[in-house]
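Written out below as structure tokens is the structure these notes cover.
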Amino acid sequence: KKRMMKEIVTVRFLGQCLPRNPGGIACYAYIIRNKEGLLLHESCGLAAEPNSTSSTNSVANYTALVKALEWLIKNRYTKDIIKVYGNSKLVVSQINDGESVISSNKNIISKNVLPLYTKVMKMKSKFYYVSFERNSNNDNNRIDDREVEELSLLAYIEAKTKILEQSRSGLNNSIDKNRQELKKKLFSTAAELMMAAAK
């Protein structure tokens, strides 16, 4: 379908590394709405290998941004007016500074972030209009800020639960093995005792 009017689409993104940064669980979340405030899309998930050196707030923020822009491109919103809001001053200023970021050392971009940053810059050029701003404290947006934070926490809890389940099943296997070994030992000792007693 062809739209004559340009739509105003807002994106809120959030990345956080919990419970510690770096080296915790890096989660991303984003919410995309149209001008009327209707939800077009929302998503959340893991941004990096949990508890690894690439788990950082910046990686999480950039991942949220990459995923949101990918969705917009895939769903043909490149000709619209896209306003992107995030709460990371660093990420927003890095994207707005563009080339000067790479050449200046003031906002040095880590090697984990560089490929994501490059991706964002490439995608940014595909849009008719896209702006990147810090979250404003306007009340309408507060609800979305909370919602995107809840999504990010949801991703964290899901990841944490998976990790706990994996470690638990790993533990259970080794506990079961130990139990079986122990049983064998007990039975063989018991059998020996019975034999001895029978003599």
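The values are calculated or read from the model by the stated rules, or taken from the named source; none is laboratory data. Fair warning: this is a prediction, and the values are worked out from it, not measured in the lab. Because the Cβ atoms are built from the backbone with ideal geometry, glycine has one as well, and the counts that use them run over all protein chains shown. The accessibility values were calculated without ligands, DNA or RNA, using every heavy atom of the protein model including side chains. Shrake-Rupley method; radii C 1.70, N 1.55, O 1.52, S 1.80 Å.
Between Thr118 and Glu165, the contour length at 0.36 nm per residue exceeds the alpha carbon distance by 13.4 nm. Taking only the Cα atoms of segment 20-168, the ratio Rg/Rh comes out at 0.97, with Rh defined as the Kirkwood radius. Net charge in the neighbourhood of Ile157 (other residues with Cβ under 15 Å of its Cβ; Lys, Arg +1, Asp, Glu -1) is -2. Of Lys67/Lys119; Lys111/Lys162; Lys35/Lys119; Lys6/Lys119; Lys74/Lys126, which sit over 19 Å apart, Cα to Cα? The answer is Lys111/Lys162; Lys35/Lys119; Lys6/Lys119. With the convex hull drawn around the C-alpha atoms of segment 1-102, the volume per residue stands at 111 Å³. A viscosity of 1.567 mPa s and a temperature of 4 °C, combined with the Kirkwood radius over Cα pairs in Stokes-Einstein, give a translational diffusion coefficient for segment 1-47 of 104 µm²/s. The label-point distance for Arg179 and Glu7, in a model that sets each label 7 Å from Cα toward Cβ, rounds to 5.5 nm. Relative to a virtual label point 7 Å from the Cα of Arg20 in the Cα→beta-carbon direction, which members of segment 29-53 show backbone nitrogen distances below 15 Å? Only 50-53 pass the distance filter.
Average accessible surface for segment 1-132: 52 Å² per residue, computed with a 1.4 Å probe over protein heavy atoms with every protein chain in place.
Quote the FRET efficiency, to the nearest 0.05, computed for Ile81 versus Glu150 with a Förster distance R0 of 25 Å and r equal to the Cβ-Cβ distance. Once the sixth-power term is evaluated, E becomes 0.40. One decimal place: the segment Thr53-Leu38 gains 1.7 nm when fully extended, by the rule 0.36 nm per residue minus the C-alpha distance.
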